[in-house]
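See structure below.
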Amino acid sequence: MSGVMVRACGMRTAIGLSAPATCAALRARLDNFAETRFISRDGDWILGAEVPLETPWRGVARLTHMLAGALQECFAAASAAPEDLPVLVCLPETDRPGRFEGLETRLWAGLREVLGHGLHPESRSYSYGQVGGVVALGDAKVHLERGASGVIVAGTDSFLVADTLRTLSRKDRLLTESNSNGFIAGEAGAAVLLTQGANGLCLRGVGFGAEAATITSGEPLRAEGMVKAMGDALGQAGLTYEDISYRISDLSGEQYYFKEAALAQARLWRGKRDPEELWHPCDGIGQTGAAIVPICLGVGLMAHRKEYAPGPVVMVHASHDDGRRAAMVLEGVG
């Protein structure tokens with residue numbers, strides 16, 4: 001995988017309508033959390049991180065415009081025409097309450113209208129939630145090996161939907177005054193441009209795992225799935241955990257996932273130096289679901305380009321509620 005590079009990124013988040021704006025706000029530890037019009041089952045106002053779009057679109061149109069803005073940033077950085085770049089879009093999992101009916105069909109039609117042009121015929125979607133971006137990277141690599149000049153991996157998602165918030169509130173998954181063990185619902189559109197042979201973040205390894213002790217299982221957590229995902233990514237990269245300079249993850253506030261990340265580190269780290277830094281963008285933008293992997297990759301690329309990354313090698317990891325785990329190892333080049 002040494003030839004696959006993350007070369008450019010685009011974002012529409014609660015704290016920025018571009019990748020540079022979002023990353024600068026994250027670095028400054030800013031957020032845009034505010035009370036929504038929804039109330040939790042305990043009677044507390046639910047906090048959310050809403051993207052400040054120019055027009056208050058709703059539903060699929062909102063997802064479309066968040067994604068289109070991120071794609072346009074990547075199109076502007078590409079050497080090929082937009083129609084020549086396969087676009088691999090990550091979307092919410094199919095069984096999520098509040099998922100819009102006919103999402104895929106409506107999204108593709110909306111993108112053509114908003115962008116003003118068609119998309120590459122091999123563009124497709126992935127409904128794997130938070131780990132979808134890592135799955136899409138594998139297909140992006142295949143496209144590049146077949147001669148594509150570039151591929152875009154993107155994601156768009158929103159938890160600020162009535163049925164979604166209602167379900168999460170019933171399960172005590174949201175951060176409120178009455179519940180400190182929860183996350184803030186967010187939304188975003190994000191994209192990264194992948195090419196071969198250019199400066200950027202070089203994809204060195206990818207790994208996947210499955211966790212039996214999911215957040216709802218009640219089983220004791222040993223982080224088996226994440227350890228496998230991280231171990232496989234490191235093995236593919238030919239590195240050890242001690243080579244990792246820092247991590248970027250989808251952690252968003254729930255104790256279960258912080259415990260998982262700590263356990264995985266403890267099982268892989270051999271104590272030869274101080275533990276690496278752990279960045280979690282959701283601290284500023286809320287839980288963004290299927291958009292989080294492109295966001296993490298963009299954050300890593302910007303940190304490399306602006307020279308504030310703790311070191312050259314970054315591990316990105318993500319966990320989905322159903323037990324799917326994914327990890328990537330990347331290295332800054334140039």
* To do: Say whether the condition of being under 18 Å from the mean Cα position of the chain (by Cα), in the same structural domain as Gly132 (by TED's automatic domain parsing) and of a type outside the set (Phe, Trp, Tyr) is met by at least one residue in the stretch 174-185.
  => yes
* Structure fact -> Checking Glu50, Glu54 in turn, the sole residue that is at pLDDT 95 or above and farther than 30 Å from Val333 by Cβ turns out to be Glu50
* To do: Specify which of the listed residues (Asp157, Asp139, Asp172, Asp163) is in a loop (DSSP other than H, G, I, E, B) and among the acidic types (Asp, Glu).
  => Asp172
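Conditions tested, residue by residue: (1) buried (at least 16 other Cβ atoms within 10 Å of the Cβ); (2) closer than 21 Å to Gly133 by Cβ; (3) not assigned by TED's automatic domain parsing to the domain that holds Thr214.
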{"residue": "Lys259", "(1), (2), (3)": "no, no, no"}
{"residue": "Gln265", "(1), (2), (3)": "yes, no, no"}
{"residue": "Gly284", "(1), (2), (3)": "yes, yes, no"}
{"residue": "Pro294", "(1), (2), (3)": "yes, yes, no"}
{"residue": "Gly298", "(1), (2), (3)": "yes, yes, no"}
{"residue": "Ala303", "(1), (2), (3)": "yes, yes, no"}
{"residue": "Ala309", "(1), (2), (3)": "yes, yes, no"}
{"residue": "Ala318", "(1), (2), (3)": "yes, yes, no"}
{"residue": "Arg325", "(1), (2), (3)": "yes, yes, no"}
* To do: Please enumerate the residues belonging to the stretch 311-329 that are touching a His at 6+ places or on another chain (Cβ under 9 Å) and aliphatic (A, V, I, L, M).
  => Val314, Ala326, Ala327, Met328
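Per-residue answers, yes or no, for (1) within 19 Å of the chain's Cα centre (by Cα); (2) at pLDDT below 95; (3) more than 17 Å from Asp157 (Cβ to Cβ):
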position	(1), (2), (3)
Gln72	yes, no, yes
Ala76	no, no, yes
Pro82	no, no, yes
Val87	yes, no, no
Leu91	yes, no, no
Arg96	yes, no, no
Arg106	no, no, no
Ala109	no, no, yes
Arg112	no, no, yes
* Pairs with Cβ under 6 Å, 6+ apart, first in the stretch 127-148 and more than 13 Å from Ile292 (Cβ to Cβ), second among the charged types (D, E, K, R) and not in a helix (DSSP H, G or I) -> Ser127/Glu93
* Structure fact -> Among the residues of the stretch 78-100, the number that are surrounded by 17 or more Cβ atoms within 10 Å (Cβ to Cβ) and outside any loop (DSSP other than H, G, I, E, B) is 5
* To do: Mind listing whichever residues of the stretch 206-222 are under 20 Å from the mean Cα position of the chain (by Cα) and either under 11 Å from Glu260 (Cα atoms) or not aliphatic (A, V, I, L, M) (or both)?
  => Gly207, Phe208, Gly209, Glu211, Thr214, Ile215
* Asked: Could you say which residue among Leu193, Leu174, Leu203 is touching a Gly at 6+ places or on another chain (Cβ under 6 Å), under 28 Å from Cys9 (Cβ atoms) and at pLDDT 95 or above?
  -> Leu193
* **Which numbered condition Leu119 fails, given (1) touching a strand residue (DSSP E or B) at 6+ places or on another chain (Cβ under 9 Å); (2) in contact (Cβ under 8 Å) with a residue 40 or more places away in the chain** => (2)
* Asked: Quick one: how many residues across the stretch 44-71 are in a loop (DSSP other than H, G, I, E, B) and touching a residue at least 12 places away in the same chain (Cβ under 8 Å)?
  -> 5
* Candidate set from the stretch 218-236 (those that are in a helix (DSSP H, G or I) and among the small types (Gly, Ala, Ser)); member that is surrounded by the most Cβ atoms within 10 Å (Cβ to Cβ) -> Ala229
* Structure fact -> Those residues of the stretch 118-131 that are closer than 21 Å to Phe75 by Cα, part of a loop (DSSP other than H, G, I, E, B) and at pLDDT 95 or above come to a total of 5
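The values are calculated or read from the model by the stated rules, or taken from the named source; none is laboratory data. Remember, predicted model here, so these are calculated numbers, not experimental data. We place every Cβ from the backbone using ideal geometry, glycine too, and count neighbours over all the protein chains shown.
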